[in-house]
Amino acid sequence: MGIETVRAFLITDIEGSSRLWETSPAEMSESLLLHNAIISEAVASHGGRVFKTAGDSICAAFDCPSDALAAAVEAQSRLESTNWSLPESIRVRMGIHVGVAEERDNDFFGSTINRTARLAGAGHGGQILMSADACDQLNGSANEGVALKDLGQHRLRDLIHPQRICQVVAPDLPSEFPPLRTIDSLPNNLPKQVNAFIGRERELDEVNQLVRRYRLVTILGSGGAGKTRLALEAAAELIERFPDGVWVVDLSTVTDPDQIACAITTELALRQDGGLTLEDSLVRYIGSSTTLLVLDNCEHVIEAAAGLVERLLQSCPNLKVLATSRESLGIVGETAWRIPSLSFPPQQDFKGFALRDLEQFESARLFLDRALITLPGLELSDSMAPAIAQICSRLDGIPLAVELAAVRVRALSVEQIAQRLDDRFHLLTGGSRTALPRQQTLRATIDWSYGLLSEEERLFFRRLSVFLGGWSLEAAEQVASGDGVDEYAVIDLLGNLVDKSLVNVEERGPDGLRYAFTETIREYSRDRLMETDDMASLRRRHMVYYLGLAERGEAHIDGPGQAAWLPKLDHDYKNLRSAIEWALRNDGEASLTLVCLLWRYWMIRGMYHDGRKFTQKALDAVPEAPQWLRAKALNSLALLVQQQGDYRLAQALSEESLAIRTQLGDEQGMTFALASIGANALFVGDLEASQKIHEQTLELSKKSGNAWGMAQSEASLGLISWYRGDYEKAREGFESSLARWSELGDLVNYQYALVGLGLVAWQEGDLEKSISLLRKALKSSRDLGNKMGTAQALNVLGIVLLNAGELEEAETWLIEGLELSEKLDAKWLIGLACGGIGWLKLQQGDAKAARQYVSRSLALRVQVEDRWGALLSLDGLAFMAALSGRPEISVQIFGFTDAGRADMGALRLKTDVRNYDEIYASIRSALGDGEFDRLYAEGGKMTMDQAVKLANEGW
């Protein structure tokens, strides 16, 4: 984000540089270096800074316009007196303007820079031009002998109302020049604009480049996308290249295709030659002239426009055409360029947005500009920013929609405008009375496009509104065909809607190209669908299709197809959610089937909230569901809530699932439910119970040949052995599970096994190997988009690096791990991250922050009944108490944690033993053997609540 600042700007440009490069490239290269040095030295000598060079143009910033003027005069004097090694002297035109610009990354951006460049471009070689704003700020501070010559009002290429321009007159510099190269000095009918052109710098440059290169360029886009304004701005920028004229012809009012030639001749003030048709007269008139014809709004007369343009281009060798349309002309030689929306804030929670956060988005700048024009007394504040961001985001950055929304500030607050966007077609009315009717409301603009569709296209267009977040060709064929739309015609119909700018082609997904509506077009399409009786049947077809997609996904998501299928489900997640929501209201059993198919996807992507919400709703919706299906849903819900630290609920759900599956004799389902119960026991620190259960699931999996179940049991047994300090056995379990998951192609669980091996290597003292394994696990998780795995690897890697003394890198990973864990609401991982950061802060000498982090980790671990983790956090607070001179507190907490680990059958981490032996010795020395033993024994008898209270409040 840049900083807005008021500066004076000087921009220079070599006149006729293209000709010099073509005729004398070697000499021009040498001369350009000298030219750059002369201007840069003059800028520096007057306190300025060159912030950009582009080709032969130099841009410089100054604190005040008098410095910019002095630098320009000095540079021109030196350039005039230089002997150039060229057939002709280098002649430089210069422009000086003052205003607000955004400073970012040592560069400046904004309309002030654009205006300065256009001011320079209006001049001639050797001439210095100043804007009225810059002149007014001189206050008589120009150098002696330097005068300003008022050249009057001129319209620059930005099409805004005319501006006063002055020429700098200085000794030894030329003072007589041809008329300025402004719009009014060249033949054209470019309309004057009443408001500023916001953003679009990149798009304007692209269109200009295309027109320079090709003879027919068509700007494509939906209604209200800003095609006309961009074409007019481009034509103004290019006007010098067309000395015989730039002529704009608005075809929106042409109702008879045969009248296109008449509309063009009217704008050219051309009379029909006797005996010739209008087209023949046009051809004769334009002839070999260098002319740009801007044909605006071609879509409703597309065939006739295409035929006339084709003839004109064939007959008039120096003619170029810039057209705007909602679909391409479709003739040989056409270059079609689709206009994007203005940049807008991505969909997110905009809470905390400030006005400065909006500056980077063109749509937000447009809204603010038009709102202030509508209501000049509008007081802007940061509190408005979230609503403005929401408005621009939900309106997809469509210029017309944003402008219509801005007009509403006359009667509504920006928050009220944002709240009413669900009914945008009633809200966004009241455009300019002088605009065409189809440009006065948002609905009318889209009505125009809809009216140009065939009946089959309209039917297909309406049906596509059933999709959310885009769709594939296959989805459109399966869901939107039938009853008037042939499945084999879908590909052509989809192409037609793309060509007519109603459907966007998005990035290539796993199944090929994807298609989408903007939110505004989808809302319109949905309204049209609601006018028919097709909604219910269409929603069912949509649900059935995505249930099938989820079924295929479940079959691949734990195997070799994992890397391919996760992105497929990502692309269609909004559709999958929509299918679940519809099924919850209309087909409960289908909703339960869907959530059972998606639980694993939710787990991998860390979407615990969605998974928990939809699974619980589906269970509630179908209390009499088939028992096998209910059991699967219960187990899925158990695993989801387990990740959020709700272990008691997870236990109850798993036990209910196990009971049903036992009654059904479903051995594989029983194994799955038992594994969930075993994992729950491990989370709460009941190592003995967890071990027995996982040994049982391992035998059941071996009996049934369930390789995935075997790998899961081996990994769990490996972790139990790690807790108990049996690192050799832990390594065996992790290595065996790693091999199985590798063979199965399950990259998610493969990563978890890598973390397990990293933990083993850490405790065995091989930090280099541990860090290498954990980095590999982190990369694997990131590549796959496994958020839970990423958070786990980040936190563990940070802790191991902390033990290795790499504090800076450890802090980077731990902070990122905490942030991701918080987003996932994975309380056990938040506790792990906070504990690690607490130890980090202690080593950095920040005892207060250390205690705060470790206390937070303790609170979370106690909340979710993570017994082993709570003991670890209590150890940390006991350690800090000892360092703070409270050995009597420390020894009691250590008595409690040692007793707790003994009860669990776990050992203190091997890497911690030395530190704790030393702290125990210092405490014993401070208290004496008798007091140490007494307090230690008392601590061993405390409850968890008593230990937590002592750790938090006792010192």
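Could you tell me what percent of the accessible area of the chain is made up of carbon and sulfur, with a 1.4 Å probe and every protein chain present? About 49 percent, which is the carbon plus sulfur part of the accessible surface.
Dipole magnitude for the chain: computed about the Cα centre from +1 point charges on Lys and Arg Cβ and -1 point charges on Asp and Glu Cβ, it is near 1020 debye. Sorting 207-218, 449-460, 834-845 by average packing, meaning the other beta carbons within 10 Å per residue, from highest down gives 834-845, 207-218, 449-460. Using alpha-carbon pairs under 8 Å, 6+ residues apart, how would you state the relative contact order of the range 533-621 in percent? In percent, rounded to a whole number, it is 29.
Solvent-accessible surface of the range 355-431, taken per residue with a 1.4 Å probe and all protein chains present: 40 Å².
Placing unit charges on the Cβ atoms of the charged side chains and taking the dipole of the chain about its Cα centre, the candidate lying farthest along the positive direction among L421, L820, V254 is L421. The gain in end-to-end length when the E655 to E768 segment is fully stretched comes to 36.5 nm, 0.36 nm per residue minus the alpha carbon separation. Taken about its Cα centre, the range 533-621 carries a charge dipole of roughly 200 debye when the Cβ of each Lys and Arg holds +1 and the Cβ of each Asp and Glu holds -1. Using C-alpha pairs below 8 Å separated by at least 6 residues, the relative contact order for the range 1-96 is 42 percent.
Spin-label model, S89/T812: points 7 Å from Cα along the beta carbon direction are separated by 5.6 nm. Could you name the lysines in cross-link range of K351, using Cα to Cα under 20 Å and dropping any fewer than eight places away on the same chain? Output for K351: K823. Estimated at the nearest 10 Å², the accessible area of L664 is 90 Å² with a 1.4 Å probe. The amide H of G226, built 1.01 Å from its N in the peptide plane, has L400 as neighbours under 5 Å, considering only residues 5 or more places off or on other chains.
Size check on the range 409-557: the Cα extents along the three principal axes, sorted descending, read 56, 35, 31 Å. Normalised per residue, the accessible area of the range 201-338 is 40 Å², obtained with a 1.4 Å probe and no contribution from ligands, DNA or RNA. Which of K632/K787; K52/K192; K729/K776; K703/K776; K841/K949; K769/K848 have a Cα-Cα distance over 26 Å? Result: K52/K192; K703/K776; K769/K848 exceed 26 Å. Partner lysines whose Cα lies under 21 Å from the Cα of K320, excluding those fewer than 8 positions away in the same chain, are identified as K227. Between E455 and D486, the FRET efficiency from the beta-carbon distance, with R0 = 22 Å, is close to 0.95.
Calculate for the chain the 222 nm mean residue ellipticity that helices alone would give, adding -39,500 (n - 2.57) per DSSP H run of length 4 or more and normalising by residue count, nearest 500 deg cm²/dmol. Kindly include the intermediate steps, with their values, before the conclusion.
Details: 43 runs with 572 residues, N = 955.
Computed mean residue ellipticity for the chain: -19000 deg cm²/dmol.
Straight-line reach from K941: taking Cα to Cα under 20 Å and skipping same-chain neighbours fewer than 8 places apart, the aspartates and glutamates in range are D686, E865, D866, D875, E888, D898, D903, D929, E931, D933, E953.
Which FRET efficiency value, to the nearest 0.05, is calculated for D150 and R78 with the Förster distance at 25 angstrom and r the Cβ-Cβ distance?
Values: r = 27 Å, r/R0 = 1.06.
It comes out at approximately 0.40.
Out of the DSSP beta bridges found with both residues in the chain, what percent are antiparallel (nearest 5)? Walk me through the numbers on the way to the answer.
Details: 40 of 64 bridges.
Among the beta bridges of the chain, antiparallel pairing accounts for roughly 60 percent.
R0 = 41 Å: FRET efficiency of L270 with T374, Cβ-based, nearest 0.05? Let's see the in-between values first.
Values: r = 40 Å, r/R0 = 0.97.
Calculated value: 0.55.
Once you order the gyration tensor axes a ≥ b ≥ c over the Cα atoms, which shape class does the range 165-224 get: rounded for a/c under 1.5, otherwise prolate or oblate by comparing a/b with b/c? Since a/c reaches 1.5 and a/b is larger than b/c, the shape of the range 165-224 is classed as prolate.
With +1 on the Cβ of every Lys and Arg and -1 on the Cβ of every Asp and Glu, and nothing else charged, how large is the dipole of the range 810-954 about its Cα centre, in debye rounded to the nearest 20?
60 debye
Summary of packing: across the peptides 462-470, 740-748, the per-residue average of other C-beta atoms within 10 Å ranks them, highest first, as 462-470, 740-748.
If we sort 855-867, 887-899 on the protection proxy, mean other Cβ atoms within 10 Å, highest first, what's the order? Working shown, then result.
Working: 855-867: 21.4, 887-899: 23.7.
Ranked by mean Cβ neighbours within 10 Å, highest first: 887-899, 855-867.
Taking N as the residue count of the range 839-887, its C-alpha radius of gyration divided by 2.2 N^0.38 Å amounts to 1.12. For the pair R924 and Q314, label points projected 7 Å from Cα toward Cβ lie 10.4 nm apart.
Considering only L935, P87, G876, the residue lying farthest towards the positive end of the dipole of the chain is L935, judged by Cα position with unit charges set on Cβ.
Can you tell me, using C-alpha contacts under 8 Å and at least 6 residues apart, the relative contact order of the chain as a whole percent? Spell out each step's value before the answer.
Details: 1616 pairs, mean separation 50.3, N = 955.
So the answer I get is 5 percent.
Note on the chain: dipole from Cβ charges, positive end direction compared against G287, G126, V503; the farthest Cα belongs to V503.
Debye calculation, C-alpha points only, no solvent: report log10 I(q)/I(0) for the chain at q = 0.04, 0.05, 0.07 Å⁻¹, in the same order as the q values. For the requested q values the scattering log ratios are -0.30, -0.46, -0.82.
Considering only DSSP beta bridges whose two residues both sit in the range 3-169, what percent are antiparallel, to the nearest 5?
On the way: 34 of 37 bridges.
The answer is about 90 percent antiparallel.
Annotation: amide H of A323 within the under-5 Å range of V217, T218, I219, L295, sequence separation 5 or more or interchain, hydrogens built in the peptide plane.
The values are calculated or read from the model by the stated rules, or taken from the named source; none is laboratory data. Everything numeric in this text was worked out from a predicted model, so none of it was measured. Virtual Cβ from ideal backbone geometry, glycine too; neighbours counted across all protein chains shown. Note: areas computed on protein heavy atoms with side chains; ligands, DNA, RNA excluded. Shrake-Rupley method; radii C 1.70, N 1.55, O 1.52, S 1.80 Å.
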